[in-house]
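I have placed the structure first, in the form of structure tokens, so that the comments after it can refer back to it.
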């Protein structure tokens, strides 16, 4: 005896999966490349401290499992400053409002986020669009070609500030000090 509602569900999901197919390997590889670029950037910021023996950097891997691209190994970085270790741990690439996120985790539970976002986003309000109108709705703005988006890493301060900060050597080192000190 067939279960028609389940059969309908299976048929609908097969059709939906066929129309919006994602190249899992391509998405994963692009994300891993962005992580490598971020960690190279961090290596550069910390180079003088590493050469002086004041900071140690170690790298490892963390297992991620994302619904859209499945399970995979992603690099993580651990920055050790004396007795304090700060982990840069990737969360994933399918993040609302961003192309990826890395959590910066301190020894006392303090954390921050590094977010891979459109370079045109400067404030949190740039991610949210609210329209109020009377009468018929205006036409939607033209869709932006995804290939024209320039992705950059930014520091995303958490509530209550909810601030987006450009990453450079000064802002990153300040972030590390803040997270390491709890």
| query | Does the stretch 45-60 contain at least one residue that is under 19 Å from residue 158 (Cα atoms) and in contact (Cβ under 8 Å) with a residue 12 or more places away in the chain? | reply | no
| Just one of the numbered conditions (1) buried (at least 18 other Cβ atoms within 10 Å of the Cβ); (2) at pLDDT 85 or above is not true of residue 107; which one? | (1)
| field | Residue count, the stretch 57-79 (criterion: touching a helix residue (DSSP H, G or I) at 6+ places or on another chain (Cβ under 8 Å) and assigned to a strand (DSSP E or B)) | value | 8
| request: Provide a single number: the residues in the stretch 129-182 that are closer than 19 Å to residue 110 by Cα and not in a loop (DSSP other than H, G, I, E, B). | output: 15
| Qualifying residue in the stretch 158-171 (condition: at pLDDT below 80, surrounded by 11 or more Cβ atoms within 10 Å (Cβ to Cβ) and touching a helix residue (DSSP H, G or I) at 6+ places or on another chain (Cβ under 6 Å)) | yes
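The values are calculated or read from the model by the stated rules, or taken from the named source; none is laboratory data. Quick caveat, the model's predicted, so the values are computed rather than measured. FYI the Cβ positions are ideal-geometry reconstructions off the backbone, even for glycines, and counts take in every protein chain you see.
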